[in-house]
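We did not get these values from a lab; they are worked out from the coordinates using the rules stated. Being a predicted model, the structure only gives us computed values, none of them experimental. A quick note on method: Cβ atoms are made from the backbone with ideal geometry, for glycine too, and the neighbour counts reach across all protein chains shown.
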Amino acid sequence: MRMKYSELAYTALSPIIVLGLSVIGLVIYSKSLFLEKTPITKQNKESLPGVYKKGVIFVMDGVRADAIHAVIPEKATLYHNNFSVLETIPKKDIFKAVSIADLPTGTAMRILSTFSGIPTTLLSAQRSFNKQSSNVDNFISQLQLHQKSFIFYGDETWTYLFPEITPNIGESYHPYGLIPFSEEERIIDSALLAYENHDYLIIHMISPDSYGHVHGTNSKEVKKALQIMNNALARLYDTMTDDSFIAVLSDHGVNNDGSHGGSSIQEKASSFIFIARDISERTTTASQERLIQRKYEDELSSLFISEPVNIISQNDILPTLCGLIGLGVPYNSSGIILPVIPEERKDIYAQEHERQKRTLFEFYGKKYLETYLDKLSKVPEKYRNEMMADHIHRIFHKSSKLGMIIGLLFMGLGLLFQVISIPGNVLCISFAASILAIFMVAHSVYSIIHEDIISLFMCIFLSWQSLWSVFVLVALPIVSFTAGEFPLHAMDRFWVIHWIKKIPCRYPVPLLEKGLLLSSLLCLGVRFISPKSAVRNLKEAGSVLFAVSQIFSLGYSSY
């Protein structure tokens, strides 16, 4: 009897021990992988008079750098040669650059980082689902601190990243799905009208990104979105005076299939354009001497840009805008001021260098700062600001290899204990396939984008023993083949459902989704009405439910 109780206790405790070891290991590993430094919360109140009295910050969501540059003719697609306005602007008034974005290359993380200065990590991507706000000094709070008159139009993501922007919102719209082109053009009209009564305008348009998600970059829909951006920029340029500027930027780049979020050069290569009177002479030479220029110029050859390219860090945009407008640069900023500021305003560069020193002092103290500055003095002067900015950036991107190893050991112990105690559950093919699918989706951006297809095949695999329905054997594979090569982008969140064109044009099957929908609903009804349904297990019903959800996501639309 005592032996029986011992066996029962062992059986009951085994899952708890496995779970405990796995959780401890996971926590240690994740904490060691991302040694997050708490950002500086105090606001920088030191500023100098600005260079310009009016300006526009124009964010074009997901526009890759080759879209604004000339490319090799034989490599040009519908994505290229859409910014005709750039050819009409005198070369002395324009500075174009490839802006290298940090990771992850998602909108919320990039906007948060670009306009608050806080470098982001993969944990930031997780927090973005919970509508993370900055809670530190940022571009919006600086505009308000210095009582600048400004108004915002566009992506509502800004409203939860920077809640303080609420009083300055002209109009915002949700970034999910495909906003009609006519609606985005109307918002641009409203923004340009409002700009007449404000000193600064912030505008964020999402159509290049959202249509790219559905159709890919080489499509007439994305071409139309880029042409709308071009027309808006042309109208903004018509309003420009000697006392104003236009800063055009994108939050991230994009792969040709419309996806982003990963670390490829296509996803990191965002756009930057600065337009103001007589700036080119002092910008190009200085940019070519940057360390980042040397780091990425070979890698950028994959974009097939045919003209000389300036390369900057996306982190440089915040301190540059603050210097131009006359704002304090947030202490967490890890960029440098771009050479678009007149020579006679060297005081702005000097103040920014002092801000960098203050940032290191806040993080590490006086002794560390003195030691670091002594080492920095041995570096050529033209590289010092950039190296200090990079040093600040690395404060937020540290890992502990020892901690990661300890975490893996705990997780390994948990797996080993499970193999010893309940080997059948660990070594079965279904368990191994499930672990593989979870690992793929957790560690691959491409797998995340196409997790619908991975899940479909898992449903088929886990249900192969139950030959209860022709639907499982035939319909699910058909759905997987019609899932499309482009990632699904969710549509309206509320009472109206608009279908998304998910099936590529090469599949001429207009009635397929309706037929599969009806058959799956019929199959689902039979499963739960049948008296024998009680003996069926949950995974069989789950296969049908998942198939139904896929049918709903396939919908067809002609917008």
With labels modelled as points extended 7 Å from the Cα through the Cβ direction, what inter-label distance (nm, one decimal) is found for L416 paired with L376? 4.7
Using only the alpha-carbon atoms of segment 54-361, report the extent along each of the three principal axes, biggest first, to the nearest angstrom. 48, 41, 41
Under the Karplus relation 6.51 cos²θ - 1.76 cosθ + 1.60, θ = phi - 60°, what is the ordered set of whole-Hz ³J(HN,Hα) values for segment 237-250, x standing for Gly and Pro? 5, 5, 8, 6, 10, 5, 9, 10, 9, 10, 10, 10, 8, 10
Ranking L436, L338, L233 by Cβ neighbours within 10 Å, fewest first, what do you get? L436, L233, L338
Cα point-scatterer Debye curve for segment 70-123, base-10 log of I(q)/I(0) at q = 0.12, 0.13, 0.16, 0.19 Å⁻¹: -0.50, -0.57, -0.76, -0.85
Which net charge results for the neighbourhood of K357, defined as the other residues with beta-carbon distances under 13 angstrom from its beta-carbon, given Lys and Arg at +1 and Asp and Glu at -1? -2
In a shell of Cβ-Cβ distance under 9 Å around V309, excluding V309 itself, what net charge do Lys and Arg (+1) and Asp and Glu (-1) give? -1
Per-residue Cβ contact counts at 10 Å, fewest first, order F272, F181 as F181, F272
Of 389-400, 292-303, ordering from highest average Cβ density within 10 Å down gives 389-400, 292-303
Fully extended contour minus Cα-Cα distance, from T41 to T88, at 0.36 nm per residue: 12.6 nm
Using the Karplus equation 6.51 cos²θ - 1.76 cosθ + 1.60 (θ = phi - 60°), what ³J(HN,Hα) coupling, rounded to whole Hz, does each residue of segment 358-373 give in order, writing x for Gly and Pro? 4, 4, 5, 5, 5, 7, 10, x, 5, 4, 4, 4, 4, 5, 5, 5
Listed by chain and number, the aspartates and glutamates with an alpha carbon less than 17 angstrom from that of K398, same-chain partners under 8 positions apart left out, are E36, D102, D390
List the pairs from K54/K220; K37/K224; K31/K367; K295/K378; K295/K357 whose alpha-carbon separation is above 32 Å, in the order I gave them. K54/K220; K37/K224
Calculate, in nm to one decimal, what Y176 and M404 gain on full extension: separation in residues at 0.36 nm each, minus their alpha carbon distance. 78.4 nm
Which aspartates and glutamates have a Cα less than 15 Å from the Cα of K75, not counting those fewer than 8 places away in the same chain? D66, E307
F245 long-range amide H proximity, modeled H, under 5 Å: K54, G55, V56
